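Have a look at the structure below, then the notes.
The values are calculated or read from the model by the stated rules, or taken from the named source; none is laboratory data. Just so it is clear, the structure is predicted and the values come from calculations on it, not from any experiment. Note: ideal-geometry Cβ built from the backbone for every residue, glycine included; neighbour counts use all protein chains shown. Just the protein is used for accessible areas: all its heavy atoms, side chains included, with ligands, DNA and RNA removed. Shrake-Rupley method; radii C 1.70, N 1.55, O 1.52, S 1.80 Å.
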Amino acid sequence: MPVPRGSTIDPERTRATILRAATAVLYERGLDGVGVAELCTRVGVSKETLYRHFGTKDKLVEAMLVERSDHVTRWLADVVADAGDDPHDQLTALFGALQEWYDDPVFRGCAMLNAATQHHVEAVRAITARHLDHYLRLLTGIAERAGAARPEILGRQLLMLAEGATLVATHQSTTDVGAHALQAALALLPATDQAALPRAM
């Protein structure tokens, strides 16, 4: 990554640039689908530069997963917050946002679950568990606002629907996956107005 004449090296900016570029490659190809040499070529850095900032490819993968998890967590939290206070509207917005993600040509599934499947190492499993915990807290909050008698159970059921929808969209078809998962999610809410179930996304 050449530095223009007269400019100075900013380690944090360089690290962030490497991470951003590597994330796109690793998500597209899979963690084991690209070696260090090809990764460096695609990112535009030398092996020495990559190792200086991350130590190993595994550490780069861990940094990528943490960054992506934080991004997804913020994104979904913002989607729910922007939908207002009604749990039906929050779930509609959440599954609508997921459907938009599924329809994106670069969609390759959940990076955290993909990584946990490909890399059976404790660090990656811990990052995946942390990510799902964040997701579960968001959904449990919706369950609490809906007045669920056992919000922790409803939150877990909603998590299963969201992650199950993502899995189906990854490996089968993206068509209406979000709408189908939303219908099941709304049916789980207490005192659900059945007329509201077929609402278009």
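May I ask you to list pairs of residues, at least six apart or on different chains, whose Cβ atoms are under 7 Å apart, with the first in region 153-164 being aliphatic (A, V, I, L, M) and the second being outside any helix (DSSP H, G or I) and surrounded by 16 or more Cβ atoms within 10 Å (Cβ to Cβ)?
Leu154/Ala148
Say whether the condition of being open to solvent by less than 30 Å² (accessible area, probe 1.4 Å), part of a helix (DSSP H, G or I) and within 18 Å of Trp75 (Cα to Cα) is met by at least one residue in region 183-199.
Looking for residues that are open to solvent by less than 30 Å² (accessible area, probe 1.4 Å), part of a helix (DSSP H, G or I) and within 18 Å of Trp75 (Cα to Cα), one finds none in region 183-199, hence no.
Looking only at region 83-100, decide whether some residue is modelled with pLDDT of 95 or more, open to solvent by 30 Å² or more (accessible area, probe 1.4 Å), under 19 Å from the mean Cα position of the chain (by Cα) and charged (D, E, K, R).
yes
Working carefully through the options Arg68, Arg20, Arg74, find the one that is under 23 Å from Gly178 (Cα atoms) and exposed (fewer than 14 other Cβ atoms within 10 Å of the Cβ).
Answer to the check: Arg74.
For region 115-144, what are the residues that are open to solvent by less than 60 Å² (accessible area, probe 1.4 Å), more than 19 Å from Ala181 (Cα to Cα) and assigned to a helix (DSSP H, G or I)?
Correct list: Ala115, Ala116, Ala123, Val124, Ala126, Ile127, Thr128, Ala129, His131, His134.
Keeping to region 30-56, report how many residues are closer than 17 Å to Ala116 by Cβ and open to solvent by 40 Å² or more (accessible area, probe 1.4 Å).
Selection size over region 30-56: 1.
Taking only region 25-66 into account, find how many residues are free of Cβ contacts under 8 Å to residues at least 12 places away in the same chain, within 28 Å of Asp104 (Cα to Cα) and small (Gly, Ala, Ser).
The qualifying residues number 2.
Which condition from (1) in contact with a Lys or Arg (Cβ under 6 Å, 6 or more places away or on another chain); (2) not in a helix (DSSP H, G or I) is the one that Thr175 breaks?
Checking Thr175 against (1) in contact with a Lys or Arg (Cβ under 6 Å, 6 or more places away or on another chain); (2) not in a helix (DSSP H, G or I), the one that fails is (1).
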